[in-house]
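Each remark here refers to the structure printed beneath this line.
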Amino acid sequence: MYSHGMPSRITFMLDWDQYKTINKINSKETAEANELNLNNYSRLDPNSFTQNSEIWSYACRTGLSIDNDTDVEKFTWGEDRSLAQKLADRLESKVHAFLKRSNYSATWGNKSDRIDLKVADKLEKVNIHVKNDDNFRYYKKSEKKIDSLYPWQPQGAYRDVIAGSSPYGPPNCMCIFQKDKSMIIPCDTMSFPKG
């Protein structure tokens, strides 16, 4: 799931209510009615998921409890009460989720990718041969513009979504949640003890 998120909420229409008001949109649809959260996750039918299914949430803080909504969560994360754990228990699926905010900034190429491409282009202009098999160059060539303005990449992301920098404390990677098991942290974490 690629979406916005809050602790233990996947908010598919984040800021919709504000957007609706600012743009004078007449709609009874609410953001809260269009999110997956601790109040409605149990409506998902476990029989709709195959054995050994895996769920990937790229929404911010899916693995953090709803009680943990500050920028510093050093000791207690409430991961056992999180939406990620509730989904793993209910659906008997492996759930991959961030406890931090997610960061999409490099998904269509990071700063280094763009600089390398510019340098290669300039070198080619002065007849210094560089590799023509540049993956990022090929990727950028397939980019389209929507309404001649907004970039769109039909191939999808070039790089993975990564953990953001806040809240301070939880792991800097996606964690794994499974039914009746403790959360698995597949990356190095800060030196503070886990609560």
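The values are calculated or read from the model by the stated rules, or taken from the named source; none is laboratory data. As the structure is a computational prediction, the values presented were derived from the model and not from experiment. As a convention, Cβ positions derive from the backbone with ideal geometry for all residues, glycine included, and neighbour counts pool all protein chains shown. Remember, those area values only see protein heavy atoms, side chains included, never the ligands or the DNA or RNA. Shrake-Rupley method; radii C 1.70, N 1.55, O 1.52, S 1.80 Å.
The residues packed around Leu83, meaning those with a beta-carbon under 14 Å from its beta-carbon, carry a net charge of 0 if Lys and Arg are +1 and Asp and Glu are -1. Can you grab the distance from the C-alpha centre of the range 153-171 to the C-alpha centre of the range 53-96, Å, no decimals? Their Cα centres are 16 Å away from one another.
Close amide-amide hydrogen proximity is noted between Leu44 and no other residue 5 or more places distant or on a separate chain, at a cut-off under 5 Å (H modeled in the peptide plane; Pro and chain starts excluded).
To check you understand DSSP bridge types, tell me what percent of the beta bridges within the range 1-154 (both residues inside) are antiparallel, rounded to 5.
65 percent
Between the beta carbons of Asn26 and Leu149, assuming R0 = 22 Å, the FRET efficiency works out to 0.25 to the nearest 0.05.
Between amide H atoms placed 1.01 Å from N, distances below 5 Å from Ser102 occur with Cys60, Arg61, Gly164, all of them 5 or more places distant or on a separate chain. Computed with a 1.4 Å probe over protein heavy atoms only, the accessible area of Asp160 comes to about 120 Å².
Surface composition of the chain: carbon and sulfur make up 50 percent of the accessible area, probe 1.4 Å.
P(r) for the chain, from all Cα pairs and a bin width of 5 Å, is 1, 7, 12, 15, 14, 13, 12, 10, 7, 4, 2, 1, 0 %, short bins first.
Averaged per residue, what accessible surface does the chain expose to a 1.4 Å probe, in Å²? Don't jump to the answer; show the numbers that get you there.
Working: 12600 Å² over 195 residues.
In whole numbers, the chain has 65 Å² accessible per residue.
With no solvent and one point on each alpha carbon, what is the Debye value of log10 I(q)/I(0) for the range 67-174 at q = 0.20 Å⁻¹? Treating every Cα as an identical point scatterer, log10 I(q)/I(0) equals -1.04. In whole percents, the pair-distance distribution calculated for the range 37-84 from its alpha-carbon pairs, binned every 5 Å from zero, is 5, 17, 23, 24, 16, 8, 5, 2.
With contacts defined as alpha carbon pairs under 8 Å and 6 or more residues apart, what's the relative contact order of the chain in percent? For the chain, the relative contact order is 23 percent.
Which whole-number percentage describes the relative contact order of the range 1-101, with Cα contacts under 8 Å and a sequence gap of 6 or more? 35 percent. Electrostatic tally near Ile66: other residues with Cβ closer than 11 Å to its Cβ, Lys and Arg +1, Asp and Glu -1, net +2. Net charge in the neighbourhood of Ser102 (other residues with Cβ under 14 Å of its Cβ; Lys, Arg +1, Asp, Glu -1) is +4. Taking Cβ separations below 4.7 Å as the criterion for a possible disulfide partner, the isolated cysteines in the chain are Cys60, Cys175. Among Lys100/Lys140; Lys111/Lys141; Lys86/Lys181; Lys86/Lys179; Lys122/Lys145, which pairs are too far apart, with a Cα-Cα distance over 19 Å? Flagged as over cut-off: Lys100/Lys140; Lys122/Lys145.
Dividing the summed helix terms, -39500 (n - 2.57) for each DSSP H run of n ≥ 4, by the number of residues in the chain produces a 222 nm estimate of -5500 deg cm²/dmol to the nearest 500.
Would you kindly state how much longer the chain becomes between Asp134 and Lys111 on full extension, computed as 0.36 nm times their sequence separation minus their alpha carbon distance, in nm to one decimal? Could the numbers behind the result be given before it?
Working: separation 23, 0.36 × 23 = 8.28 nm, distance 1.55 nm.
Between Asp134 and Lys111, full extension yields an extra 6.7 nm.
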